[in-house]
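What follows is a single structure, written as structure tokens, with notes after it.
The values are calculated or read from the model by the stated rules, or taken from the named source; none is laboratory data. Small disclaimer: the values here were computed from a predicted structure and weren't measured. Cβ placement follows ideal geometry from the backbone for every residue including glycine, while neighbour counts extend to all protein chains displayed. Keep in mind that these areas ignore ligands, DNA and RNA; they rest on the heavy atoms of the full protein, side chains included. Shrake-Rupley method; radii C 1.70, N 1.55, O 1.52, S 1.80 Å.
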Amino acid sequence: MSRTVDIAVRELCLALPEAEEFQSRGSPNYRVRGGKVFAIYVLNHHGDGRVALWLIGAEGVQAHWVGADPDAYFVPPYVGPSGWLGVRLDRGLDWSEISERVYEAWQQVAPARALELADAAPEVPPPDTA
């Protein structure tokens with residue numbers, strides 16, 4: 001059985017302390033237990049053709065990454081005006097870079113007790129297929 005993007009995203013997000021998954025509007029969402037969402041996994045949202053993660057971001061993060069690599073990063077609908085970053089998972093980004101972006105998003109909403117448990121992005125194997 002191949003390691004799909006769905007499986008790799010779930011393992012990556014849930015590898016962070018106190019992270020939990022729930023469904024909202026047909027997409028897996030990841031939040032810190034009982035708190036704020038840090039990631040949304042979105043497939044072909046309204047026919048946009050993207051396999052992507054929408055990640056909460058610190059001020060300036062969205063502009064930095066979209067400006068640096070607009071093929072891999074984008075401003076997602078709805079949450080983009082609030083600074084969220086879209087990350088294309090179907091554009092060949094190194095999985096460790098994706099892991100770093102997820103970790104940075106998690107840091108934005110994690111409480112102090114959770115932050116003490118993780119001092120680096122989780123090392124989760126990449127998917128075999130897009």
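For region 15-73, which residues satisfy the criterion of being small (Gly, Ala, Ser) and closer than 25 Å to residue 112 by Cβ? Residues satisfying the conditions are 15, 19, 34, 35, 39, 57, 58, 60. Note on region 41-97: residues that are β-branched (Val, Ile, Thr) and touching a Lys or Arg at 6+ places or on another chain (Cβ under 9 Å) total 5.
Every condition in (1) open to solvent by 40 Å² or more (accessible area, probe 1.4 Å); (2) out of contact with any Asp or Glu (no Cβ under 8 Å at 6 or more places or on another chain); (3) modelled with pLDDT under 95; (4) over 14 Å from residue 108 (Cα atoms) is met by residue 50 except one, and the failing one is (2). Being without any contact (Cβ under 8 Å) to a residue 40 or more places away in the chain and assigned to a strand (DSSP E or B) is a property that residue 22 has. Residues in region 63-97 that are over 24 Å from residue 128 (Cα atoms), under 13 Å from the mean Cα position of the chain (by Cα) and polar (S, T, N, Q): none. Restricting 59, 100 to those that are under 10 Å from the mean Cα position of the chain (by Cα), open to solvent by 30 Å² or more (accessible area, probe 1.4 Å) and of a type in the set (D, E, K, R) reduces the list to 100. In this entry, residue 33 is excluded by the filter for residues that are charged (D, E, K, R), out of contact with any Pro (no Cβ under 8 Å at 6 or more places or on another chain) and within 30 Å of residue 2 (Cβ to Cβ).
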